[in-house]
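Written out below as structure tokens is the structure these notes cover.
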Amino acid sequence: MKRAPSRLVLLAHPATHVISPRFQNAALRAAGLPVTYEALDIPPAALADTVRTLREEGAAGNVTMPHKRAFAALCDRLTDLAVRCGAVNTFWCEDGQLIGDNTDVGGAELTIRALLLERTAGAQVALLGAGGSAAAVICAAERCGAQRVQLYARRMDAAQELAQRFGELVEVHATAAAALAGADLVVNATPVGADQHSLPVDLALVPSGAAVFDLIYHASETAFVRAARQAGHAASDGEMMVIEQGVLAFERWFGQLPDRRAMWQALH
């Protein structure tokens, strides 16, 4: 039986933890639920022990990069969407089992549709990165009816492994320039840019008219989004995705939708 969790956690990495738990805490307060959402900075070596403790406590929560794929392997059961992605960002406990899901997909899909003004069927998506967040973007692109995802990652082996999961939808390229050629949408699913200064790719490689989606979220827009907008591209950082995946996660945990307005206000 699924019970409302008594503990909610965000499993992050000390080097990449940029998302504040305040937006989920705002939703919890608005719903009158007597639980708080806390961030835990967990190095990869401590993930398995942490997961064991959370299962024993009957906890629920979210997982950030770079833990999403490793966490999936530690779950007792995965939803169909998490199986498709091979990565987990949302979890809860049911009858003593740890269940993994991927609500990043819904967040990415909402952002992609907004950036492409719903003209997603047949779109060409250039994707930078091959981790768990990248897998969610591919799932979202698939649900949007994209024709092709052109993938580039610094680790070619990781890119090839991810591409095999999705068959003909994904084409791996040896360079970022080749992946970006002809793209309608360019997506950064790497941590490059978390410092608010670095760009994941030379903006000159982004095709004219292409939209830009940077999964990184900051209280102020990322350098990639800022530069893209200045160059005339439609662009969005990860804020919409963060909120929507959080809405979907809240629904999984408590069986009800949260107050979106409270969540938005908490991030501003």
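Results, tabulated for the structure shown:
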item	result
Gyration tensor verdict on the range 165-222 (Cα atoms; rounded if a/c is under 1.5, prolate if a/b is larger than b/c, oblate otherwise)	prolate
The chain: projected area of the alpha-carbon convex hull, averaged over directions, in nm²	13.0
Space enclosed by the convex hull of the alpha-carbon atoms of the range 189-245, per residue, Å³	77
Crossing angle, helix 104-115 versus the chain [Cα axis fit, 0-90 degrees, rounded to tens]	40
Rounded percent of accessible protein surface that carbon and sulfur make up, the chain, 1.4 Å probe	50
Semi-axes of the equivalent ellipsoid for the range 34-129, Cα gyration tensor, largest first, Å	29, 14, 13
On Cα atoms only, tilt of 47-57 relative to the major axis of the chain in degrees	40
Per residue Cα convex hull volume in Å³ - calculated over the range 80-220	124
Taking the range 133-268 and dividing mean pair separation by its residue count, relative contact order in percent (alpha carbons under 8 Å, at least six apart)	15
Label zone at Glu161, where the point sits 7 Å out along the Cα-to-Cβ direction: the range 188-222 residues whose backbone N lies under 20 Å	189-192
Separation of the Ala231 and Thr36 label points, Cα + 7 Å toward Cβ, nm	4.3
Placed amide H near Tyr217: partners under 5 Å, 5+ positions off or other chain	Gly238
Cβ-placed point charges (K, R +1; D, E -1), dipole of the chain about Cα centre in debye, nearest 20	240
Mean separation of Cα contacts under 8 Å, 6 or more apart, over the residue count of the chain: relative contact order %	19
Label point distance in nm, Gln256-Asp95, each placed 7 Å from Cα along Cα→Cβ	2.6
Cα-based convex hull volume of the range 126-193 per residue, rounded to whole Å³	80
The range 65-183, relative contact order in percent, only Cα pairs under 8 angstrom and at least six apart counted	22
GNM top mover of Gln24, Gln230, Gln196 - the chain, alpha-carbon springs below 10 Å	Gln230
On Cα atoms only, tilt of 132-144 relative to the major axis of the chain in degrees	70
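The values are calculated or read from the model by the stated rules, or taken from the named source; none is laboratory data. Here the structure is a predicted model, which means the values were calculated and not measured. Neighbour counts run over all protein chains shown; Cβ positions are idealised from the backbone, glycine included. To get the accessible areas, we keep the full protein, side chains included, count just its heavy atoms, and leave off ligands, DNA and RNA. Shrake-Rupley method; radii C 1.70, N 1.55, O 1.52, S 1.80 Å.
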